[in-house]
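> Can you keep this structure in mind? I'll have questions shortly.
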Amino acid sequence: MITVTDLKKVYYQGKREIRALDGVTLSVPANSVHGIVGQSGAGKSTLVRCLAMLDRPTSGTVEINGADLTAVHAAELRAARRRLGLVFQHANLFDARTILGNVAYPLELARVPRTEREAKAVELLGLVGLADAGPAYPAQLSGGQRQRVGIARALATDPDVLLCDEPTSALDPRTTDEILDLIASLKARVGLAVLVITHEMHVVKRICDSVTLLEDGLVVESGRLGEVVGRFGGRLSEALLALPAPDPASGRSVEVLDSVPPNDVAVVTRAERHFAVELPVVAGVVESLDGTTFRRQRVAVPDRLDVSELVGFLRAGGAGARPSDPEAVR
Ligand SMILES: Nc1ncnc2c1ncn2[C@@H]1O[C@H](COP(=O)(O)OP(=O)(O)O)[C@@H](O)[C@H]1O
Ligand SMILES: [Mg+2]
């Protein structure tokens with residue numbers, strides 16, 4: 001479990017103060033994957049550096065299983081860092097070392113005896129699906145395979161936290177999904193909390209149990225995936241269930257977010273029956289997330305139906321609803 005409390009990092013550019021992290025609080029329980037998303041400049045890399053203790057936070061604490069990393073003295077920093085495994089966009093392997101030698105490297109730093117560290121590296125290469133790659137060199141591997149090696153290396157010291165910074169940004173879509181599924185599978189390891197920094201909603205949807213939206217160094221939204229997606233109109237909900245922008249020429253429409261079980265009658269269908277109209281779906285997305293099926297739709301509203309009446313009916317039925325163009329309500 002990793003717990004970040006009121007973490008602040010201030011940089012100075014001349015006299016200008018840049019609050020890269022302005023009081024970030026979040027926690028990631030063991031055996032779960034937490035996503036951190038945010039636009040460029042939001043503070044994601046600063047958060048990674050502060051968590052990995054590559055940079056000292058200005059204030060606040062970072063605790064791994066209750067032990068405060070920010071209180072660790074410089075001399076103990078290396079040992080403390082072993083509790084946290086790091087995976088970056090590129091694996092940055094040592095070209096002159098074998099794959100086995102790369103995975104065993106953190107254990108070499110930790111002065112683990114050769115036979116022990118090689119046995120561990122063999123085990124981890126098996127875990128990431130590269131059981132036979134040990135004697136090979138990085139240049140002989142594909143980008144996806146090198147990333148697997150990077151993940152195995154990050155796990156070498158049996159960390160409590162796996163911190164992945166844009167782990168799939170450099171990979172093609174198919175390899176991305178293979179690596180994401182590998183990362184998701186790791187949360188089953190005893191006591192491991194996985195933190196994934198990403199700008200891709202696909203990553204969040206595929207592997208995250210919970211997610212935090214960071215902006216200007218602040219937490220804008222945070223929660224379990226189902227919770228944030230179900231927050232109609234919320235930034236993460238809109239991003240995770242993205243619809244194309246409404247076409248102004250297409251007339252009046254209403255946006256609906258519904259999470260009824262797949263076998264129940266959808267609220268839009270109930271509205272069609274209630275008002276005896278057809279509500280054609282002009283855009284829609286269905287996603288099963290966090291055990292719930294979410295349906296976000298934009299439906300065209302026929303002229304003879306009052307938009308606010310429809311919105312009222314949909315809301316009364318438990319859905320999120322609003323006119324696509326608030327000006328159009330009449
Ligand atoms: N070493 C630094 N010195 C000054 N400002 C920095 C430094 N590192 C980051 N910043 C600033 O802090 C803010 C957050 O940056 P960063 O953490 O890199 O965001 P992200 O990774 O989300 O794009 C930005 O305004 C950035 O310019
Ligand atoms: Mg960054």
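The values are calculated or read from the model by the stated rules, or taken from the named source; none is laboratory data. These numbers come from a predicted model, not from an experiment. Note that we place each Cβ from the backbone using ideal geometry, even for glycine, and neighbour counts take in every protein chain shown. Ligands, DNA and RNA are stripped out before the accessible areas are found, and what is left, the full protein with its side chains, is counted by its heavy atoms. Shrake-Rupley method; radii C 1.70, N 1.55, O 1.52, S 1.80 Å.
> Looking at this structure, is D158 surrounded by fewer than 19 Cβ atoms within 10 Å (Cβ to Cβ) and not assigned by TED's automatic domain parsing to the domain that holds T292?
Details: surrounded by fewer than 19 Cβ atoms within 10 Å (Cβ to Cβ): yes; not assigned by TED's automatic domain parsing to the domain that holds T292: yes.
Spelling it out, D158 is indeed surrounded by fewer than 19 Cβ atoms within 10 Å (Cβ to Cβ) and not assigned by TED's automatic domain parsing to the domain that holds T292.
> Related question: Restricting attention to segment 166-182, which residues are out of contact with any Ser or Thr (no Cβ under 7 Å at 6 or more places or on another chain) and either within 16 Å of ligand 2 (Cβ to nearest atom) or closer than 16 Å to K44 by Cβ (or both)? Please lay out each step first, then the result.
From segment 166-182, those out of contact with any Ser or Thr (no Cβ under 7 Å at 6 or more places or on another chain) are 167, 169-175, 177-178, 181-182; that's our starting set.
P167, S169, A170, listed by residue number.
> For segment 23-43, what are the residues that are within 15 Å of ligand 2 (Cβ to nearest atom) and either open to solvent by 30 Å² or more (accessible area, probe 1.4 Å) or of a type in the set (S, T, Y) (or both)? Break it down stepwise before answering.
The first filter runs over segment 23-43 and keeps only residues within 15 Å of ligand 2 (Cβ to nearest atom), leaving 24, 35-43.
Once the filter is applied, which keeps residues that are within 15 Å of ligand 2 (Cβ to nearest atom) and either open to solvent by 30 Å² or more (accessible area, probe 1.4 Å) or of a type in the set (S, T, Y) (or both), segment 23-43 yields Q39, S40, G41.
> Out of segment 24-43, which residues are within 12 Å of V4 (Cα to Cα) and within 12 Å of ligand 1 (Cβ to nearest atom)? Lay out the reasoning, then the answer.
Step one: of segment 24-43, the residues within 12 Å of V4 (Cα to Cα) are 24-29.
Scanning segment 24-43 gives a single hit, V24.
> Anything in segment 143-153 that is out of contact with any helix residue (DSSP H, G or I) (no Cβ under 6 Å at 6 or more places or on another chain) and open to solvent by less than 10 Å² (accessible area, probe 1.4 Å)? List them, or say none.
G150, I151
> Among (1) surrounded by 20 or more Cβ atoms within 10 Å (Cβ to Cβ); (2) more than 16 Å from ligand 1 (Cβ to nearest atom), where does L77 come up short?
So the condition that L77 fails would be (1).
> Another question, then. Looking only at segment 209-223, count how many residues are open to solvent by 10 Å² or more (accessible area, probe 1.4 Å) and part of a loop (DSSP other than H, G, I, E, B).
The number of residues fulfilling the criteria is 2.
> Of a type in the set (V, I, T), open to solvent by 30 Å² or more (accessible area, probe 1.4 Å) and either assigned by TED's automatic domain parsing to the domain that holds M201 or within 16 Å of ligand 1 (Cβ to nearest atom) (or both): which single residue out of T61, T46 fits that description? Even if it seems obvious, please write down each step before you answer.
Numbers: T46 fails: open to solvent by 30 Å² or more (accessible area, probe 1.4 Å).
Of the residues listed, the single one that is of a type in the set (V, I, T), open to solvent by 30 Å² or more (accessible area, probe 1.4 Å) and either assigned by TED's automatic domain parsing to the domain that holds M201 or within 16 Å of ligand 1 (Cβ to nearest atom) (or both) is T61.
> Of all residues in segment 156-187, which are among the aliphatic types (A, V, I, L, M) and either modelled with pLDDT under 95 or within 19 Å of the chain's Cα centre (by Cα) (or both)? Before the answer, list the steps.
Initially, segment 156-187 is screened for residues among the aliphatic types (A, V, I, L, M), giving 156, 161-163, 170-171, 179-180, 182-184, 186.
V161, L162, L163, A170, L171, I179, L180, L182, I183, A184, L186 - these are the residues of segment 156-187 that are among the aliphatic types (A, V, I, L, M) and either modelled with pLDDT under 95 or within 19 Å of the chain's Cα centre (by Cα) (or both).
> In segment 4-22, what residues are open to solvent by 40 Å² or more (accessible area, probe 1.4 Å) and in contact with a strand residue (DSSP E or B) (Cβ under 8 Å, 6 or more places away or on another chain)? Before you say what the answer is, go through the steps one by one.
Of all residues in segment 4-22, those open to solvent by 40 Å² or more (accessible area, probe 1.4 Å) come to 5-6, 8, 11-19, 22.
Scanning segment 4-22 gives T5, D6, K8, Y11, Y12, E17, I18, R19, D22.
> Have a look at L93, L69, L127 and point out the one that is modelled with pLDDT under 95 and either assigned by TED's automatic domain parsing to the domain that holds L171 or more than 29 Å from the chain's Cα centre (by Cα) (or both). Working first, answer last.
Details: L93 fails: modelled with pLDDT under 95; L127 fails: modelled with pLDDT under 95.
Answer to the check: L69.
> Please name all residue pairs, on different chains or six or more residues apart, with Cβ atoms under 6 Å, provided the first residue is in segment 96-111 and is under 11 Å from A156 (Cβ atoms) and not assigned by TED's automatic domain parsing to the domain that holds T157 and the second residue is charged (D, E, K, R) and in a loop (DSSP other than H, G, I, E, B).
Nothing qualifies.
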